[in-house]
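Participant: Provided herewith is a single structure, encoded as structure tokens, for subsequent inquiry.
The values are calculated or read from the model by the stated rules, or taken from the named source; none is laboratory data. On a predicted model such as this, the values are computed, not experimentally measured, just so you know. Reconstructed Cβ throughout: ideal geometry from the backbone, glycine too, with neighbour counts over all protein chains shown.
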Amino acid sequence: MNAIIEPFKPDDQAGVLRVLAEAMPVDPISQAKFVRQVLLDHNFRAAGAPVARVNDQIVGFCLSIARQVPLENAPSDSDRGYITLLGVLPEFQRKGIGSQLLAAAEAYLGSRGRKLVMVSSYAPGYFICGVDVNNYTAGLSFFAKHGYTEVYRPIAMELPLWNFAVPKWVHEQRAKLRDHGVIVEPFRAELTLPILEFAENEFQGDWVRVYRETMGQIMIGDSPARIIVARENGKVIGFSHHDNERFGPIGVGAAQRGRGIGHILMYESLTAQRNAGFRTAWFLWSDDKTAARLYNVAGFKEVRRFALVRKEL
């Protein structure tokens with residue numbers, strides 16, 4: 001079936017949201033989230049968001065991004081583009097429409113000089129961490145058929161907070177570190193610049209933006225416990241973060257790892273989430289190695305697994 005493929009138009013929102021709701025049922029996207037995360041993205045271009053129509057009905061949508069505005073504190077990715085959404089109404093699937101949409105997205109990215117396409121790993125606007133290998137198995141086969149290969153398989157994890165309690169050994173480790181000058185505390189205004197400096201020096205990518213925006217939200221009323229900070233001799237050596245039920249990002253300076261600081265930060269943030277009334281903590285993107293080292297001990301369980309895939313144009 002040959003659909004009409006053309007760039008996204010303002011009046012397409014309702015039809016596109018219907019496509020996404022039916023094609024990606026595990027990942028609901030509200031109109032507010034679509035506007036905020038797609039249309040208000042500095043890097044959104046209608047030409048990179050092809051819409052498929054059959055008899056004037058919107059039956060498919062794809063979102064591809066060629067970054068125009070550099071990501072703060074991250075290496076240049078001017079050689080790569082991203083696909084973060086791709087869906088076709090179930091009754092129109094397996095008719096070649098998804099292939100037409102993907103071809104249009106790849107052509108757009110190629111016209112912007114992109115030589116590599118990554119499915120979903122676009123900061124800060126990704127929706128999921130690739131192709132869900134259990135819920136969207138047909139999608140994984142689709143991308144493989146079109147020349148995409150797996151990079152690795154990120155996981156999402158979740159922890160119920162109903163019966164959450166901090167283990168005795170965590171309190172003991174925190175006391176031991178305190179004796180060595182390590183202080184773990186919620187955000188204070190005086191820590192603003194030290195936190196930004198630590199994030200910039202230790203973690204490339206989207207960390208600086210996340211912590212900057214959260215500190216701004218704290219200054220207009222959010223709980224200071226949204227950010228937990230570890231300091232030693234006045235210097236920030238680690239931090240942890242939550243946004244409502246979403247846990248993370250959490251990080252410890254490279255020279256300070258192996259001292260149990262990450263566990264203390266994690267438990268402190270989880271405690272803050274529970275005290276705020278949340279009954280679940282979850283995060284969308286990690287790996288098996290980090291889960292074994294950090295998250296499993298707290299009781300986090302894998303709830304989703306994704307395949308991060310890529311293709312050279």
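Participant: Report, by residue number, each residue of region 272-289 that is closer than 28 Å to Ile183 by Cβ, part of a helix (DSSP H, G or I) and touching a strand residue (DSSP E or B) at 6+ places or on another chain (Cβ under 9 Å).
Facilitator: Result: Ala272, Gln273, Arg274.
Participant: For region 208-227, how many residues meet the condition of being in contact (Cβ under 8 Å) with a residue 60 or more places away in the chain and among the charged types (D, E, K, R)?
Facilitator: 1
Participant: Under 9 Å between Cβ atoms, which residue pairs at least 6 apart in sequence (or on different chains) link something in region 57-77 that is outside the structural domain of Arg212 (by TED's automatic domain parsing) and touching a residue at least 60 places away in the same chain (Cβ under 8 Å) with a partner that is crowded, with 16+ Cβ neighbours inside 10 Å and acidic (Asp, Glu)?
Facilitator: Matching pairs, first to second residue: Ile65/Asp41; Leu71/Asp77; Leu71/Asp206; Glu72/Asp206; Asn73/Asp206; Ala74/Asp206.
Participant: Right, here's the next one. State whether the residues of region 81-101 include one that is within 19 Å of Glu312 (Cα to Cα) and assigned to a loop (DSSP other than H, G, I, E, B).
Facilitator: No, every residue in region 81-101 fails to be within 19 Å of Glu312 (Cα to Cα) and assigned to a loop (DSSP other than H, G, I, E, B).
Okay, residues lined up against (1) of a type in the set (Asp, Glu); (2) surrounded by 12 or more Cβ atoms within 10 Å (Cβ to Cβ); (3) touching a strand residue (DSSP E or B) at 6+ places or on another chain (Cβ under 8 Å); (4) assigned to a strand (DSSP E or B):
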site	(1), (2), (3), (4)
Val166	no, yes, no, no
Glu172	yes, no, no, no
Ala175	no, no, no, no
Val184	no, yes, yes, yes
Glu197	yes, yes, yes, no
Gly216	no, no, no, no
Phe239	no, yes, yes, yes
Pro249	no, yes, yes, no
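Participant: Another one. Just the residues that are more than 21 Å from Trp285 (Cβ to Cβ) and basic (Lys, Arg), please, taken from region 170-209.
Facilitator: Residues satisfying the conditions are Arg174, Lys176, Arg178, Arg188.
Participant: Looking at region 62-74, is at least one residue within 20 Å of the chain's Cα centre (by Cα), modelled with pLDDT of 95 or more, surrounded by fewer than 16 Cβ atoms within 10 Å (Cβ to Cβ) and of a type in the set (Ser, Thr, Tyr)?
Facilitator: no
Participant: Could you grab the pairs with beta carbons closer than 7 Å, sequence gap of 6+ or different chains, first residue in region 28-46 and assigned by TED's automatic domain parsing to the domain that holds Ile65, second one among the charged types (D, E, K, R) and surrounded by 15 or more Cβ atoms within 10 Å (Cβ to Cβ)?
Facilitator: Final answer for the pair search is Asn43/Arg67.
Participant: Just name the residue that is surrounded by the fewest Cβ atoms within 10 Å (Cβ to Cβ) out of those in region 12-37 that are in contact with a strand residue (DSSP E or B) (Cβ under 7 Å, 6 or more places away or on another chain) and not in a helix (DSSP H, G or I).
Facilitator: By that ranking, first place goes to Val26.
Participant: Take Ala156 and tell me if it is touching a helix residue (DSSP H, G or I) at 6+ places or on another chain (Cβ under 6 Å), touching a residue at least 60 places away in the same chain (Cβ under 8 Å) and surrounded by 13 or more Cβ atoms within 10 Å (Cβ to Cβ).
Facilitator: In short, no.
Participant: Pick from Gly260, Gly299, Gly238, Gly248: which is in contact with a Gly (Cβ under 7 Å, 6 or more places away or on another chain) and of a type in the set (Gly, Ala, Ser)?
Facilitator: Gly238
Participant: Taking Glu190 as the residue in question, decide whether it is surrounded by fewer than 18 Cβ atoms within 10 Å (Cβ to Cβ), acidic (Asp, Glu) and under 24 Å from Lys301 (Cα atoms).
Facilitator: Here the answer is no, as Glu190 does not meet what is asked.
Participant: Return yes or no: is Gly113 part of a strand (DSSP E or B) and either surrounded by fewer than 22 Cβ atoms within 10 Å (Cβ to Cβ) or modelled with pLDDT of 95 or more (or both)?
Facilitator: no
Participant: Let me ask something additional. Please go through region 224-236 and give me each residue that is surrounded by fewer than 21 Cβ atoms within 10 Å (Cβ to Cβ) and under 24 Å from the mean Cα position of the chain (by Cα), ordered by number.
Facilitator: Pro224, Ala225
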